[in-house]
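Everything on this sheet refers to the single structure shown next.
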Amino acid sequence: MSTAALAVFNQYNNALINGDFDALFAVLDEQIKWHQPGNSSLSGVVVGKAALGAHLGKFMEKSHGTFRVI
């Protein structure tokens, strides 16, 4: 892995560990494709940072604020 790629990975990983979604979203590409597996109302493919933010917000709604990315 290149030094630059490792730096991006570490920034992403540290943001997850700290629950810092602003820092996490800072390293994501504007046209990110998020694949959510399963057969629920939250399953499917989400494209773009704004859409992903809204999608993750649905997890927060359904979990009554307890949703965490680990």
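We did not get these values from a lab; they are worked out from the coordinates using the rules stated. Please read all numbers here as calculations on a predicted model, not as lab measurements. When we count neighbours, we look across all protein chains shown, and the Cβ atoms used for this are built from the backbone with ideal geometry, even at glycine.
Summary table
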{"item": "Near pairs, Cβ below 7 angstrom, 6+ apart or cross-chain, from the stretch 6-18 (among the hydroxyl-bearing types (Ser, Thr, Tyr)) to any residue that is surrounded by 12 or more Cβ atoms within 10 Å (Cβ to Cβ) and assigned to a helix (DSSP H, G or I)", "result": "12/24"}
{"item": "Total residues in the stretch 1-19, condition in contact with a helix residue (DSSP H, G or I) (Cβ under 8 Å, 6 or more places away or on another chain) and not aliphatic (A, V, I, L, M)", "result": "3"}
{"item": "In the stretch 1-27, residue surrounded by the most Cβ atoms within 10 Å (Cβ to Cβ) [restricted to those that are outside any helix (DSSP H, G or I) and not acidic (Asp, Glu)]", "result": "27"}
{"item": "Residue list for the stretch 30-49, restricted to those being at negative phi and within 11 Å of the chain's Cα centre (by Cα)", "result": "32, 33, 34, 35, 36, 46, 49"}
